[in-house]
Amino acid sequence: MRRPLIAGNWKMNLDRAGAVALAQAVAAKGNDFPAADLLVCPPSIYLDPVAAVLRGSKVALGAQNMYHEGNGAFTGEISAAMLVDLGCSYVILGHSERRHIMGETDEQVRAKTVAALAAGITPIVCVGELLSERQAGQTASVIARQVAGSLAGLSAADCEKTVIAYEPVWAIGTGQVATPEQAEEVHRDLRRLLADRYNTATAEKVRILYGGSVKPNNAGELLQQPDIDGALIGGASLKAEDFLGIAAAAK
């Protein structure tokens with residue numbers, strides 16, 4: 001049985017005081033949701049103060065990105081070892097905003113995924129199609145390409161340690177949301193891709209999250225789908241009440 005993961009991606013929001021206050025509010029209620037794992041991913045500059053707040057709680061700490069090299073002359077980058085040093089147990093990789101705004105490639109996502117796994121951090125590898133790609137009937141091929149490139153060379157054992165997040169780009173921050181049926185169709189295809197790539201047992205162990213305008217009022221229907229194992233939440237994760245309301249929908 002796959003345990004639901006409810007992850008908050010705070011993106012480039014909040015100040016230090018706001019990040020600490022939000023972490024305190026989430027951590028204070030974390031034990032009220034025994035059916036799910038909870039995770040928050042603040043901006044990297046606030047990882048340390050948020051880690052201090054979360055210490056001893058059931059809420060895990062994650063980063064929004066990292067670099068694939070362990071150290072060196074890579075100005076502005078952050079390594080997996082640095083994230084471990086700060087207490088991170090997860091890292092979001094290949095988010096659509098990084099793919100489509102910063103130009104990250106599947107190969108770059110793969111390199112980061114390998115480095116995260118080597119450091120003992122759980123990568124959350126994001127995939128998803130643009131609106132134009134969905135309208136052109138290319139969703140399945142886009143997802144297959146991103147999975148193949150981002151997970152290239154990973155063993156079945158490493159795949160089982162990886163989380164995948166399906167985020168249709170057209171639903172991120174737009175107020176639009178994939179219907180439960182649309183989301184489940186892609187999640188089911190993702191699991192089939194993993195089964196074909198590895199085996200059924202591995203595919204059944206991998207948690208696949210949905211992301212894209214998830215809110216307390218639509219989370220229940222989404223999380224009831226058999227292949228949706230949690231949510232990667234953007235805007236709604238910036239309010240503790242909304243984030244925890246989504247967590248309450250995870251059974």
List the number of the failed condition for Met66; all other conditions in (1) crowded, with 19+ Cβ neighbours inside 10 Å; (2) without any contact (Cβ under 8 Å) to a residue 60 or more places away in the chain; (3) under 17 Å from the mean Cα position of the chain (by Cα); (4) outside any loop (DSSP other than H, G, I, E, B) hold. (4)
Subset of the stretch 16-45 (residues that are assigned to a helix (DSSP H, G or I) and either among the acidic types (Asp, Glu) or over 19 Å from Tyr90 (Cβ atoms) (or both)): Arg16, Ala17, Gly18, Val20, Ala21, Gln24, Ala25, Ala28, Lys29, Asn31, Asp32
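Evaluate the stretch 199-208: report whether one residue or more is assigned to a strand (DSSP E or B) and surrounded by 17 or more Cβ atoms within 10 Å (Cβ to Cβ).
First, pick out the residues of the stretch 199-208 that are assigned to a strand (DSSP E or B): 208.
Among the residues that remain, those that are also surrounded by 17 or more Cβ atoms within 10 Å (Cβ to Cβ) are: 208.
Checked against the condition, which is being assigned to a strand (DSSP E or B) and surrounded by 17 or more Cβ atoms within 10 Å (Cβ to Cβ), the stretch 199-208 yields at least one hit.
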Determine whether the stretch 160-174 contains at least one residue that is acidic (Asp, Glu), in a loop (DSSP other than H, G, I, E, B) and under 27 Å from Gly103 (Cβ atoms). yes
Residue among Gly56, Gly87 that is without any contact (Cβ under 8 Å) to a residue 12 or more places away in the chain and either at positive phi or not in a loop (DSSP other than H, G, I, E, B) (or both): Gly56
Going by the conditions given, is Ile172 closer than 15 Å to Glu129 by Cβ, surrounded by 15 or more Cβ atoms within 10 Å (Cβ to Cβ) and in contact (Cβ under 8 Å) with a residue 60 or more places away in the chain? yes
Inter-residue pairs, beta-carbon under 7 Å, first within 18 Å of Arg188 (Cα to Cα) and in the stretch 213-236, second surrounded by 20 or more Cβ atoms within 10 Å (Cβ to Cβ) and among the hydroxyl-bearing types (Ser, Thr, Tyr), 6+ apart: Leu222/Tyr210; Ile228/Tyr210; Ala231/Tyr210
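Residue under question is Ala152, and the condition is that it be in contact with a Lys or Arg (Cβ under 6 Å, 6 or more places away or on another chain), modelled with pLDDT of 95 or more and of a type outside the set (S, T, N, Q); does it hold? So that I can check it myself, show each step before the final result.
Working: in contact with a Lys or Arg (Cβ under 6 Å, 6 or more places away or on another chain): yes; modelled with pLDDT of 95 or more: yes; of a type outside the set (S, T, N, Q): yes.
Answer is yes for this residue.
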Can you say whether Asp196 is acidic (Asp, Glu), exposed (fewer than 15 other Cβ atoms within 10 Å of the Cβ) and farther than 19 Å from Ala36 by Cβ, as far as the supplied structure shows? yes
Members of the stretch 209-235 that are hydrophobic (A, V, I, L, M, F, W, C) and either surrounded by fewer than 21 Cβ atoms within 10 Å (Cβ to Cβ) or part of a loop (DSSP other than H, G, I, E, B) (or both): Val214, Ile228
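In this structure, is Gly137 free of Cβ contacts under 8 Å to residues at least 24 places away in the same chain, surrounded by fewer than 18 Cβ atoms within 10 Å (Cβ to Cβ) and outside any helix (DSSP H, G or I)?
Values: free of Cβ contacts under 8 Å to residues at least 24 places away in the same chain: yes; surrounded by fewer than 18 Cβ atoms within 10 Å (Cβ to Cβ): yes; outside any helix (DSSP H, G or I): yes.
Yes, satisfied.
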Picked from the stretch 97-128 (must be crowded, with 24+ Cβ neighbours inside 10 Å and of a type in the set (Gly, Ala, Ser)), the residue nearest to the chain's Cα centre (by Cα) is Gly128
Any idea which residue in the stretch 3-33 is nearest to the chain's Cα centre (by Cα), counting only those that are loosely packed, with under 15 Cβ neighbours inside 10 Å and farther than 20 Å from Gln64 by Cα? Arg3
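The values are calculated or read from the model by the stated rules, or taken from the named source; none is laboratory data. From a predicted model like this one, the values you see are computed outputs, not experimental measurements. Ideal geometry is used to build each Cβ from the backbone, glycine not excepted, and the neighbour counts take in all protein chains shown.
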